[in-house]
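S.K.: Just dropping this structure here.
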Amino acid sequence: MNLELSEEQEQLAEGLRELLVGSGDIARVRRFAYDGEDRDGELWEQLVTNGWTTASILEKAGGLGLGFEEAMVIAIESGRGVLHLPLCETLLATRVAGRASNEAGDGLVEKIAEGAGVTLAVGASAGGLNDADDGVQADENGQLTGSLRSVPFGPVAAHCLVEATFPGGQTGLFVVSCEATGVQWRMRQAMDESVPRFDLELRGAASESLFGHTEARDEVERLTDEWRVLLGAQTEGACRRLVEMTADYVKKREQFGRPVGSNQAVKVRVAEMGAAVEKMRAAIYFAALSIEQETEERSLAVAMAKAETGTPGAFVATQAIHTHGAIGYTWEQDVHLFVKRVKSNELLLGAGHEMLGHIADILLDGSP
Amino acid sequence: MDIDLSPQELEFRREFRTWLEHNIPENWEPREARGQSHHESWELRRDFERRMGRDGWLGVAWPEEYGGRGATLMEQVIYQEELARSEAPGLAGHVGLQMVGPILMEVGTDEQRARFLPPILRGEEVWYQGFSEPNAGSDLAGLQTRAVLDGDEWVISGQKVWGGFAEFADWGAVLVRTDPDVPKHKGISFMVVDMKSPGIDISYIREIHGGSNMNEVFFDGVRVPRDNVISEINDGWNAATRLLTWERGVITLSILVNHEIFWERLREYALANKRGGRRLADIPHIREALAQTYVNIRMMKLANLRWLAHYLKGERPGLETSYMKLYWNSAHKSVSDLALELGGADALELPGSHAAPEGAFPVEWMASRATSILGGTEDIQRNIIAERIYGLPRGS
Ligand SMILES: Cc1cc2nc3c(=O)[nH]c(=O)nc-3n(C[C@H](O)[C@H](O)[C@H](O)COP(=O)(O)OP(=O)(O)OC[C@H]3O[C@@H](n4cnc5c(N)ncnc54)[C@H](O)[C@@H]3O)c2cc1C
């Protein structure tokens, strides 16, 4: 029994944290994501050279051979630094491509090993991105047509995994090059500007299928579950930082001749934020473990992690703004960068109440 | 990471479970006992506890040199879980087993250990914990019960309140003020008091659910041998608080199994009962409430398991026990709130009522109101988190 990170995993976390802080941390996110400077190729390059983007690739294929627990650790740190690049998505794509163990999968892994980033346009059929999506259909030649909304990062990545239906109606998962002919991206104005979002329009775009007619559905579900856990892990990282920022602020800010943090009402808020974050940590550990060990409880564990980081995440975000006073409501203060990530992650791939509904189905009807 | 039990741990569980199956008294009615006073089933509890002692199932955590099993922390958790799961009578000796025993092993004299440890382990001597006072609750260090040295004896006068089992106890572990002229934390000593001594007067407090398991204990010139001080004179505060933290850690780790069992009963109840022609388990808000409560309990457990991983590596429970206390309160309150909601009007009936589907529902609800108070209130835990974990300024 050991529900805690190993020393190596702690070191992994520190390594990524150092890299992100060293690269300029939040100031860099502001510069590239919020102030609309060009794509941050430089930081991506650093992530590639230091092995972060290839962390989930097997060692024999040139990666670090790390598992899902490590992907979770990386996601926590990417939330802590509100990372504005598709690192988590690339790790997830690596894992699913590895499981495909065919030419298309190997090809994608190879490209990731060479430094390519990947994003994900899945989730429509898994109750995911957006029910209003028209969906995408594949024809006999593997050409994709249709649309999916709100794909994170879009053309910031080089490739995209697209969920689409085979001509027979079964779910499939396809690799598309983001710049290929027939692929169009339309940028949205996302609240969380550190994750630019795009509507994807496909008109006969060439693709390679990762799985056959029968396996893809489970794989998409699994990918979506893994994604939920990494979104939750990002939220945990972002929330933990919000509590730290808040504690620092209320210790320094003075009113009535003393630090505002000496008032018990403020202490209660900070203590409740801390309590929420510690519980989130346990929730994502358990979910990551259930994925790593492929336990029967996966679906339940993931839904609990998503629920436990969802509403409580929004709670921490809201308290962080409140305890900063008006400055917390401004663009200038950093709080909002984290708040926007946390709130977005709450809603993506299933908000708290939806997850609770799912949990009730499992517990009361014995089926997900 | 890994959350499986080892083969030895599974074997330990099997062994204890089997023992419990064969030894829980047949006439023990666990659900009726909730909310009753201890004295209504005292003889039965007493016999059961002696039997546990006889077969080596008391003090499993104690090191072998003191007659225990030297159980690992994980085994201790399993032990507590099995006790709860079997709905065995609660141990009257827990103050001796979980508090006095360990503290004597750490700071007691050889004579004290030889005198007090074996009867605790045999289930023969019961201890009372006398800490809180009418004017010293959250501010426990402000306690006023005085002990004055007179020749070879301490003479104790004052009043304690809220501790249980005082009327059955052989010994009391009592915090007293031995030096009123130093800062409050520095003038407190930890004393062993013979509870049958002249000058001790005990009365019952009737609790919210009608049962009486708490006592008021009055000390009027009670004489205690000089050697009955545990640890150094005036060092009682350190010893007591360390143990309270330890207690909060290991106990909350195991207590939630009670809530798991209770939640399972609610699930069954919701599947089996209807309201307005609809099965409870089909009503959307009840489905969501059952799911949310399940998540609360499960999360409390997972958070505790995460900290357990640290204790298994040898760290002592510390400030994180304050989080455990907050989670425990919210899990306990939410599961018992839900019980009343499920039962509706019938859940407002006490045990024994002809209309009560589950007489335990309202008793559980009432009992759960205490969780935010006992063992250091929720407000005090939040102060600890804010001030000692996040470093916010003290005072005001
Ligand atoms: C079921 C039960 C079993 C118990 N068992 C034992 C036992 O075995 N032995 C024993 O010695 N004691 C026992 N206690 C007593 C328990 O430890 C005290 O009740 C507890 O420490 C609170 O003290 P109090 O009741 O005097 O409340 P008070 O300290 O008077 O508090 C009243 C209210 O004020 C709040 N408050 C107080 N100080 C602060 C502060 N600084 N900041 C914010 N809020 C504050 C409290 O949170 C509470 O809401 C038990 C209590 C219960 C309910």
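S.K.: Only one of B:189, B:138 is within 16 Å of the ligand (Cβ to nearest atom) and within 14 Å of another protein chain (Cβ to nearest Cβ). Can you tell me which?
M.R.: Of B:189, B:138, the one residue that is within 16 Å of the ligand (Cβ to nearest atom) and within 14 Å of another protein chain (Cβ to nearest Cβ) is B:138.
S.K.: In region B:321-341, which residue that is over 18 Å from the mean Cα position of the chain (by Cα) and open to solvent by 20 Å² or more (accessible area, probe 1.4 Å) is nearest to the other protein chains (Cβ to nearest Cβ)?
M.R.: B:334
S.K.: Here's something else I'd like to know. Filter region B:157-178 for residues that are open to solvent by less than 30 Å² (accessible area, probe 1.4 Å), under 30 Å from residue B:42 (Cβ atoms) and in a strand (DSSP E or B) and give the result.
M.R.: B:158, B:160, B:161, B:172, B:173, B:174, B:175, B:176
S.K.: Additional query: Test residue A:265 against the stated conditions and say whether it is within 12 Å of chain B (Cβ to nearest Cβ), surrounded by fewer than 24 Cβ atoms within 10 Å (Cβ to Cβ) and over 28 Å from residue A:284 (Cα atoms).
M.R.: Yes, satisfied.
S.K.: Would you be able to tell me the number of residues in region B:342-396 that are small (Gly, Ala, Ser) and within 14 Å of another protein chain (Cβ to nearest Cβ)?
M.R.: 6
S.K.: Could you check how many residues of region A:287-296 are facing chain B (nearest Cβ under 10 Å) and open to solvent by 10 Å² or more (accessible area, probe 1.4 Å)?
M.R.: Of the residues in region A:287-296, 3 are facing chain B (nearest Cβ under 10 Å) and open to solvent by 10 Å² or more (accessible area, probe 1.4 Å).
S.K.: Looking only at region A:50-104, filter to residues that are among the hydroxyl-bearing types (Ser, Thr, Tyr) and assigned to a loop (DSSP other than H, G, I, E, B); which one of those is farthest from residue A:157 (Cα to Cα)?
M.R.: Only one residue tops the list, namely A:101.
S.K.: How many of the residues making up region A:322-333 are open to solvent by 50 Å² or more (accessible area, probe 1.4 Å) and touching a helix residue (DSSP H, G or I) at 6+ places or on another chain (Cβ under 8 Å)?
M.R.: 2
S.K.: Still on this structure, I have one more. Could you grab me the full set of residues in region A:190-229 that are hydrophobic (A, V, I, L, M, F, W, C) and in contact with a Leu (Cβ under 7 Å, 6 or more places away or on another chain)?
M.R.: Within region A:190-229, A:200, A:202, A:205, A:210, A:211, A:216, A:220, A:223, A:227 qualify.
S.K.: So, residue A:272, is that one in a helix (DSSP H, G or I), surrounded by fewer than 21 Cβ atoms within 10 Å (Cβ to Cβ) and within 10 Å of chain B (Cβ to nearest Cβ) or not?
M.R.: Spelling it out, residue A:272 is indeed in a helix (DSSP H, G or I), surrounded by fewer than 21 Cβ atoms within 10 Å (Cβ to Cβ) and within 10 Å of chain B (Cβ to nearest Cβ).
S.K.: For the condition of a type in the set (Gly, Ala, Ser), within 12 Å of chain B (Cβ to nearest Cβ) and surrounded by 24 or more Cβ atoms within 10 Å (Cβ to Cβ), what is the one hit in A:282, A:238?
M.R.: Matching residue, one of A:282, A:238: A:282.
S.K.: Name the pairs: first residue in region A:79-96 and in contact (Cβ under 8 Å) with a residue 60 or more places away in the chain and over 15 Å from residue A:53 (Cβ atoms), second residue of a type in the set (Lys, Arg) and open to solvent by 10 Å² or more (accessible area, probe 1.4 Å), Cβ to Cβ under 7 Å, at least 6 apart or on different chains?
M.R.: Matching pairs, first to second residue: A:80/A:17; A:80/A:240; A:80/A:241.
S.K.: From the list B:114, B:88, B:84, exactly one residue is of a type in the set (Gly, Ala, Ser) and at pLDDT below 90. Which is it?
M.R.: None of the others qualify; the one that does is B:84.
S.K.: Something else: Output the residue which, of all residues in region B:364-376 that are of a type outside the set (Phe, Trp, Tyr) and either closer than 17 Å to residue B:132 by Cβ or more than 13 Å from the ligand (Cβ to nearest atom) (or both), is most open to solvent (accessible area, probe 1.4 Å).
M.R.: Among those that are of a type outside the set (Phe, Trp, Tyr) and either closer than 17 Å to residue B:132 by Cβ or more than 13 Å from the ligand (Cβ to nearest atom) (or both), it is B:373.
S.K.: With B:201, B:194, B:152 as the choices, which residue is surrounded by 16 or more Cβ atoms within 10 Å (Cβ to Cβ), away from the ligand (no atom under 16 Å from the Cβ) and not basic (Lys, Arg)?
M.R.: B:194
S.K.: Ok, one more. Condition first: within 7 Å of chain A (Cβ to nearest Cβ) and hydroxyl-bearing (Ser, Thr, Tyr). Now tell me which residues in region B:252-309 satisfy that.
M.R.: Within region B:252-309, B:294 is the sole residue that qualifies.
S.K.: Looking only at helices (runs of 4 or more DSSP H) that fall completely inside region B:52-156, which ones have 3 or more residues that are within 30 Å of residue B:14 (Cβ to Cβ) and out of contact with any Phe, Trp or Tyr (no Cβ under 8 Å at 6 or more places or on another chain)?
M.R.: Answer list for region B:52-156: B:73-85.
S.K.: Let me ask you something else. Select from region B:338-350 the residues that are of a type outside the set (Gly, Ala, Ser) and over 18 Å from residue B:299 (Cα atoms) and list them in ascending order.
M.R.: B:340, B:341, B:342, B:346, B:348, B:349, B:350
S.K.: Test residue B:208 against the criterion of being among the aliphatic types (A, V, I, L, M), within 14 Å of the ligand (Cβ to nearest atom) and surrounded by fewer than 16 Cβ atoms within 10 Å (Cβ to Cβ), and give yes or no.
M.R.: Spelling it out, residue B:208 is indeed among the aliphatic types (A, V, I, L, M), within 14 Å of the ligand (Cβ to nearest atom) and surrounded by fewer than 16 Cβ atoms within 10 Å (Cβ to Cβ).
S.K.: For region A:241-255, enumerate the residues that are open to solvent by 60 Å² or more (accessible area, probe 1.4 Å) and either touching a residue at least 12 places away in the same chain (Cβ under 8 Å) or more than 10 Å from chain B (Cβ to nearest Cβ) (or both).
M.R.: If the condition is that a residue be open to solvent by 60 Å² or more (accessible area, probe 1.4 Å) and either touching a residue at least 12 places away in the same chain (Cβ under 8 Å) or more than 10 Å from chain B (Cβ to nearest Cβ) (or both), then A:252, A:253, A:254, A:255 are the ones that fit.
S.K.: Out of the residues in region B:377-392 that are touching a residue at least 12 places away in the same chain (Cβ under 8 Å), over 19 Å from the mean Cα position of the chain (by Cα) and open to solvent by less than 40 Å² (accessible area, probe 1.4 Å), which is nearest to the ligand (Cβ to nearest atom)?
M.R.: B:382
S.K.: Here's something else I'd like to know. Can you tell me which residue is nearest to residue B:389 (Cα to Cα) among those in region A:222-269 that are part of a helix (DSSP H, G or I), within 16 Å of the ligand (Cβ to nearest atom) and out of contact with any helix residue (DSSP H, G or I) (no Cβ under 8 Å at 6 or more places or on another chain)?
M.R.: A:262
S.K.: Out of all the residues in region B:350-357, is one or more within 12 Å of the ligand (Cβ to nearest atom) and either touching a residue at least 24 places away in the same chain (Cβ under 8 Å) or under 20 Å from the mean Cα position of the chain (by Cα) (or both)?
M.R.: no
The values are calculated or read from the model by the stated rules, or taken from the named source; none is laboratory data. None of the values given here were measured: they were computed from a predicted structure. When we count neighbours, we look across all protein chains shown, and the Cβ atoms used for this are built from the backbone with ideal geometry, even at glycine. In case anyone asks, the SASA skips ligands and DNA or RNA and just uses the protein heavy atoms, side chains included. Shrake-Rupley method; radii C 1.70, N 1.55, O 1.52, S 1.80 Å.
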